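Have a look at the structure below before the remarks.
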Amino acid sequence: MILTRIHPNKSKEVFALSATTAISSAAEYVNAPLFYKGKVREMYDLGEHFLMVTTDRISAFDYVLSPAVPDKGNVLNQLSAFWFKQTASLMPNHVVHTDLEKLPAGLIKDADVMKHRFTVSKKAQRIDIECVVRGYITGGGWRQYQKTGEINGIKLPEGMRKNEKFPQPLFTPAAKNDAGHDEDISYERMEELVGKELAAELREKSFRLYEFAHQFCAERGIILADTKFEFGLIDGKVILIDEIFTPDSSRFWAKENYAYDIEIDGMDKEPVRTYLSGTGWDKNSEPDPLPAAVVEETSRRYRDILHRLTGG
Ligand SMILES: Nc1ncnc2c1ncn2[C@@H]1O[C@H](COP(=O)(O)OP(=O)(O)OP(=O)(O)O)[C@@H](O)[C@H]1O
Ligand SMILES: [Mg+2]
């Protein structure tokens, strides 16, 4: 499939070349020991650094689905790299480079497949907290509010409407655990886990990053409803790690779809969610493979977000 078909005037050469290969594992393309395999990313050990490779795997409800989605990994990696550059003055991050020419000879087996999906990053000691910032009441936050009137222990006014903007964004951390299920915790619990000083620093940085990106997106007709960050420590200094402001870590809404009380169509995985909810899948067993049309539409949506945000 040649993607210029979809964005005839806008696609960069990158997509025309890379869209043919969706990869569900990077193992055969990388000549280095695998350090960690997550649901979407693979971290390879380069000694001083990591080679972080974003595959085209797609997950929903903690299941990795099949098949992989063409270009998803390229989009996530390029978008994240873009944002890391944009936010470097607000917060240092783990990126060393994303430059094919700087990779050691022989590390990568297929430059066309790999060139937009890797990041060489500094190894950090991960802080096991997902730093979630919510600007709007929706998703899991809305569900908590309906049950308890609170989100992560933060008492909210009565009568809020689904998708309403908060007067001030909320910080609602989650503790990362090894099973991969994150547990919502109160800010006080986060203080117990990481210490008051570090908790305050992470919260402050998270707000600033969210506000920056929210504004940036707003100027491009996109609402950044919520997002999450991961931070790490190197020599006692806090840096941003992992990825930022991609559809995997953030909820993007097209401004024209924004309304109260409805389920707003997400800009990325919505075709997958809609399809899965139509199949009656119990979320406790392997789901059926996604139909080609769903995969193609999802791929198109990822590329569209990248285009709308970066012009790429
Ligand atoms: N610079 C870094 N130093 C150390 N760990 C990192 C760094 N950047 C990212 N990570 C970790 O690498 C992993 C990336 O994989 P991925 O995000 O696909 O995992 P995941 O399935 O989401 O699991 P997790 O819940 O652990 O994030 C994450 O665990 C992330 O915390
Ligand atoms: Mg992750």
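The values are calculated or read from the model by the stated rules, or taken from the named source; none is laboratory data. Please read all numbers here as calculations on a predicted model, not as lab measurements. Positions of Cβ are generated from backbone atoms using ideal geometry, with glycine treated the same way; all protein chains shown enter the neighbour counts. Each accessible area value is taken on the protein alone, full model and side chains, heavy atoms only, with ligands, DNA and RNA left out. Shrake-Rupley method; radii C 1.70, N 1.55, O 1.52, S 1.80 Å.
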Is segment 126-257 best put as rounded, prolate or oblate by its Cα gyration tensor, with a ≥ b ≥ c the root eigenvalues, rounded for a/c under 1.5, and otherwise prolate when a/b is larger than b/c, oblate when not? oblate
Other-chain or far-sequence residues with amide H under 5 Å of residue 93's (modelled H): 240
Roughly how compact is the chain, stated as its Cα Rg over 2.2 N^0.38 Å to two decimals? 0.99
Here, residue 88 and residue 126, labelled 7 Å along Cα→Cβ, have an inter-label distance in nm of 2.5
With every protein chain left in place, what is the accessible area per residue of the chain in square angstrom, probe 1.4 Å? 47
Which whole-number percent gives the relative contact order of segment 126-257, counting Cα pairs below 8 Å spaced six or more residues apart? 28
On a full-extension model of 0.36 nm per residue, what is the gain between residue 277 and residue 218, subtracting their alpha-carbon distance, rounded to one decimal in nm? 18.2 nm
Protein accessible area in the chain, 1.4 Å probe - carbon and sulfur %: 48
Tell me the GluC sites (Glu not before Pro) within segment 44-151 that lie in a loop according to DSSP and have at most 14 other beta-carbon atoms within 10 Å. 48
Could you calculate the contour length gain from residue 186 to residue 207, that is, 0.36 nm times the residue separation minus the distance between their Cα atoms, to one decimal place in nm? 5.9 nm
Karplus 3J(HN,Hα) series, Hz, for segment 58-73 with 6.51 cos²θ - 1.76 cosθ + 1.60 (x for Gly, Pro): 10, 10, 8, 6, 6, 9, 7, 8, 10, x, 5, 9, x, 6, 4, x
Step through the residues of segment 205-213 one at a time and calculate ³J(HN,Hα) from phi using the Karplus curve (6.51 cos²θ - 1.76 cosθ + 1.60, θ = phi - 60°), rounding each to whole Hz and writing x for Gly and Pro. 5, 4, 4, 5, 5, 4, 4, 4, 6
How big is the Cα convex hull of segment 205-312 in projection, averaged over all directions, in nm²? 9.5
Stretched fully, the stretch from residue 292 through residue 101 gains (0.36 nm per residue minus C-alpha distance, one decimal, in nm) 65.3 nm
Given H placed 1.01 Å from N in the peptide plane, which residues other than close sequence neighbours of residue 60 have an amide H under 5 Å from its amide H? 65
Starting from the 7 Å offset along Cα-to-Cβ, what nm value, one decimal, do you get for the label separation of residue 64 and residue 262? 3.6
Evaluate the relative contact order of segment 3-123 (contact order divided by residue number), counting alpha-carbon pairs under 8 angstrom at least 6 apart; express in whole percent. 27
Amide H partners (placed H, <5 Å) of residue 132, local residues excluded: 172, 174, 229
Return one quarter of the surface area of the convex hull spanned by the alpha-carbon atoms of segment 3-123, equal to its mean projected area, in nm². 8.5
Through the Karplus equation 6.51 cos²θ - 1.76 cosθ + 1.60, θ set to phi - 60°, convert the phi angles of segment 77-82 into ³J(HN,Hα) values in whole Hz; use x for Gly and Pro. 5, 5, 5, 4, 4, 4
How high is the relative contact order of the chain? Use alpha-carbon pairs under 8 Å, at least six apart in sequence, and give a whole percent. 18
